[in-house]
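For reference, the structure is listed below as structure tokens.
Nothing in this text is a laboratory measurement; each read-out follows from the coordinates by a stated rule. Just so it is clear, the model here is predicted, and its values are computed rather than measured. Using ideal geometry, Cβ is built from the backbone for each residue, glycine included, and neighbour counts are taken over all protein chains shown.
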Amino acid sequence: MTTTTPAEDMVFGLTRLLDLPGLTAAAGAPLGAEDIAAIIGEADRFARDKLWPHAMHADRHGAVYENGVVRTPPSYKESYQAWIEGGWQGLAAPAESHGVETGGQDLPQALWMAVQELMTTGDMSFMLCPLLTAGAIEAIHRFATPEQQAAWLPKLTTAEWTGTMCLTEPQAGSDLSQVRTKAEPLGNGRYAISGQKIFITFGEHDMTPNTLHLILARLPDAPPGTRGISLFAAQKVKDNGQRNDLRCGGIEKKLGIHASPTCVMLFEGAEAEMVGEPNKGLNAMFAMMNAARLGVGVQGNAQGARALALAQPFAEQRTQGGQPISRHPDVARMLAEIRATTLAGRLLALEAGAALDRARLMKDKAADDRVALLTPIVKSWCTDRGVDNASLGIQVHGGMGFVEETGAAQVLRDARIAPIYEGTNGIQAMDLIGRKLLRDGGATMKGLIGEVRAADPRLSAAADAMDRATDWMLTTGAASSDAAQASAAAYLEAAGWTLGGWMLARAAAADDRYAKLASFYIARLLPRAAARIAEIEAADSVLDLMAA
């Protein structure tokens with residue numbers, strides 16, 4: 001079977017499958033296929049030269065907390081400086097804001113997602129920092145005042161500063177209506193933020209002199225629940241050079257992503273500015289979260305790519321029974337599953353990114369609906385596959401995979417967080433059925449299913465089954481919230497397996513190099529969609545357990 005590299009897949013997907021050059025040309029900002037290939041090539045080199053060689057040592061060193069100071073692994077300062085010098089943070093960021101040049105390049109989001117995957121494959125912990133900064137740029141660009149944008153965007157876009165997202169509190173995880181952090185007016189248009197936030201990625205670190213924290217908090221007269229949450233921005237170091245009244249109270253000891261400091265942040269009257277309108281902070285924060293959710297889906301694909309990059313050469317060199325284990329059919333099956341599902345997720349994420357670009361560049365409402373529908377699927381299905389593939393990678397290594405020496409174990413430890421953060425995959429499933437599917441009566445999903453059916457006759461049965469499952473969700477599921485939630489995860493999984501087959505069938509139709517892999521997926525993996533669909537109408541079996 002002819003194999004391609006992740007970078008080659010990216011270039012193929014962006015130029016031939018999604019025609020990003022055509023889209024950018026139509027929008028008046030042409031980006032040629034050769035430009036895309038050059039950027040992808042440079043990103044691949046950066047990942048291999050700056051991140052891959054240090055990832056295992058960074059994991060073993062971890063982030064270290066001492067007396068309120070967080071030190072990242074020794075290689076990170078140099079790698080981050082190279083990140084700044086390469087201009088990578090500003091790839092898809094706006095080039096100017098209200099006449100102020102920000103350092104952004106205004107390139108497509110789909111291209112940024114491809115770069116993210118390559119870099120994350122190199123070191124997931126390192127790339128969590130730029131991922132959160134990208135979300136901060138998005139929120140500031142869309143909701144901050146012109147003065148705030150001029151003050152903050154250039155620093156964030158050039159990566160001179162980093163950004164955080166401060167949502168979660170000890171009592172307020174997925175239910176943000178319980179947020180207790182307070183914002184007291186100071187009388188000068190600023191606010192004093194007091195409260196505790198947990199699970200703050202790179203909330204404190206030593207790679208840059210300053211960090212912009214985006215914080216959900218309540219005004220004194222705020223209404224209860226999510227209607228009373230506002231968004232604020234607080235600098236770690238204020239404009240006068242003084243340290244703001246905020247600090248790191250410790251970092252978590254975690255299963256994986258050891259080199260990424262996951263901080264407890266204490267805001268003790270920290271001076272901040274409001275971003276957006278009072279009591280409408282969730283609108284702005286969701287802009288940051290949605291960008292991050294696609295990025296987390298990409299992390300799942302990256303972990304599959306890293307698992308394969310370790311398992312494939314090991315299987316080709318490890319001899320058992322007189323031949324490399326890669327020639328044993330069961331091992332070949334595992335390697336093919338990692339490759340097929342990672343490629344399917346990779347192309348599906350790029351499809352979502354291209355839809356986001358069409359929505360922004362062409363003001364295309366249908367594209368906006370598509371990216372909204374695909375976001376929870378990409379986040380959930382791709383991250384679950386990342387965990388599965390990391391586990392398969394260990395299995396290919398056998399006993400050597402269970403020890404840290406090969407690096408396969410780290411992939412599984414790192415991958416396991418992705419189905420949890422930025423909204424657990426269960427929440428993604430409920431978002432899919434409760435918001436994305438019902439808001440247009442299933443029209444966007446039905447349109448996608450029609451495209452699946454038309455792509456390849458071998459997908460017809462899966463498309464028909466997905467149609468029936470959608471009808472069930474729109475009728476029985478809509479009539480019973482509990483029944484819908486009991487079957488939501490199965491519905492999302494079925495959608496993921498079906499759309500993954502659609503992407504590989506399209507790839508095979510465009511390039512013979514993908515034909516055998518697409519056939520393997522359709523024959524061996526696509527039936528998993530039917531199994532998940534069979535679960536959907538069995539919602540009562542879950543509800544009966546809850547009533548016992």
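Against the longest principal axis of the chain, how steep is helix 329-362, in degrees 0 to 90 to the nearest 10, with axes from Cα atoms?
The angle comes out at about 50 degrees.
So how do 230, 391 line up by other beta-carbon neighbours within 10 Å, fewest first?
Going from least to most buried by this count: 391, 230.
Please get the size of the charge dipole for segment 181-333, origin at its Cα centre, with Cβ charges of +1 on Lys and Arg and -1 on Asp and Glu, quoted in debye to the nearest 20.
480
So how much slack lies between residue 255 and residue 515, counting 0.36 nm per residue of separation and subtracting their Cα-Cα distance, in nm? Walk me through the numbers before you get to the answer.
Numbers: separation 260, 0.36 × 260 = 93.60 nm, distance 3.79 nm.
Computed gain between residue 255 and residue 515 is 89.8 nm.
Let's see if you can work this out: charge +1 on each Lys and Arg Cβ, -1 on each Asp and Glu Cβ, no other charges. What is the dipole magnitude of the chain about its Cα centre, in debye to the nearest 20?
That gives a dipole near 500 debye.
Can you tell me the 0 to 90 degree angle between the C-alpha axis of helix 481-510 and the longest principal axis of the chain, rounded to 10?
Between helix and principal axis, roughly 60 degrees.
Return the tail of the calculated pair distribution for segment 429-548, meaning the percent of Cα-Cα pairs more than 24 Å apart.
Here the long-distance tail beyond 24 Å is 29 percent of all Cα pairs in segment 429-548.
At q = 0.17, 0.28 Å⁻¹, what log₁₀ I(q)/I(0) does a Debye calculation on the Cα points of segment 421-466 give, no solvent, two decimals?
Ignoring solvent entirely, the Cα scatterers give -0.60, -0.90.
Taking the Cβ of residue 418 as the center, what net charge do the other residues with Cβ under 11 Å away carry, scoring Lys and Arg +1 and Asp and Glu -1?
Local net charge: +1.
Take the Cα pairs of segment 248-303, get the Kirkwood Rh, then feed it into Stokes-Einstein at 37 °C and 0.692 mPa s and tell me D in µm²/s.
Answer from the Stokes-Einstein relation: 228 µm²/s.
Going by how many other beta carbons lie within 10 Å of each one, how would you line up 543, 18, 219, fewest first? Could the numbers behind the result be given before it?
Values: 543 14, 18 22, 219 19.
Ordered by Cβ neighbours within 10 Å, fewest first: 543, 219, 18.
Roughly how many whole Å is it from the C-alpha centroid of segment 463-515 to that of segment 90-164?
Taking the Cα centre of segment 90-164 as reference, the centre of segment 463-515 is 33 Å away.
Determine the calculated [θ] at 222 nm for the chain from helices alone, applying -39500 (n - 2.57) to every DSSP H run no shorter than 4 residues and normalising by the residue count; nearest 500 deg cm²/dmol.
Values: 19 runs with 293 residues, N = 548.
Estimated from H runs of four or more residues: -17500 deg cm²/dmol.
Pop a pseudo-label 7 angstrom from the Cα along the beta-carbon direction at both residue 184 and residue 81 and give the gap in nm to one decimal.
So the label points at residue 184 and residue 81 sit 4.2 nm apart.
Please list, ordered by chain and number, the residues whose modelled amide H lies under 5 Å from the amide H of residue 275; skip anything fewer than 5 residues away on the same chain.
Sorted by chain and number, the residues that satisfy this are 231, 232, 233.
May I ask for the distance between the Cα centers of segment 208-259 and segment 367-390, given as a whole number of Å?
With segment 208-259 and segment 367-390 each reduced to a Cα centre, they are spaced 28 Å.
Tell me which lysines have Cα within less than 24 Å of residue 182's Cα, excluding those fewer than 8 residues away on the same chain?
Excluding near neighbours in sequence, the set is 197, 236, 238, 280.
Working from the pairwise distances between different alpha carbons, so that the mean of 1/r is found and then inverted, what is the chain's Kirkwood radius in Å?
After inverting the mean inverse Cα-Cα distance, the result is 24.0 Å.
Starting from the Kirkwood Rh over alpha-carbon pairs, what translational D in µm² s⁻¹ does segment 490-548 have by Stokes-Einstein at 10 °C and 1.306 mPa s?
After rounding, the answer is 124 µm²/s.
Among all the lysines, which ones have a C-alpha under 18 Å from residue 50's C-alpha, if same-chain residues fewer than 8 places away are not counted?
Hits, sequence-local ones excluded: 77.
When the label point is put 7 Å from the Cα of residue 403 along its Cα-to-beta-carbon vector, which residues of segment 36-73 have a backbone N closer than 18 Å?
Counting backbone N atoms under 18 Å from the label point, the list is 56-57, 60.
Please arrange 414, 59 by counting, for each residue, the other beta carbons lying within 10 Å of its beta carbon, fewest first. Could you put the intermediate results ahead of the total?
Values: 414 29, 59 23.
In order of increasing Cβ crowding within 10 Å: 59, 414.
Which percent, nearest 5, of DSSP beta bridges in the chain are antiparallel?
Values: 36 of 43 bridges.
So the antiparallel bridges amount to about 85 percent of the total.
Considering only 135, 307, 455, whose Cα is most displaced toward the positive end of the charge dipole of the chain, charges sitting on Cβ of Lys, Arg (+1) and Asp, Glu (-1)?
It is 307.
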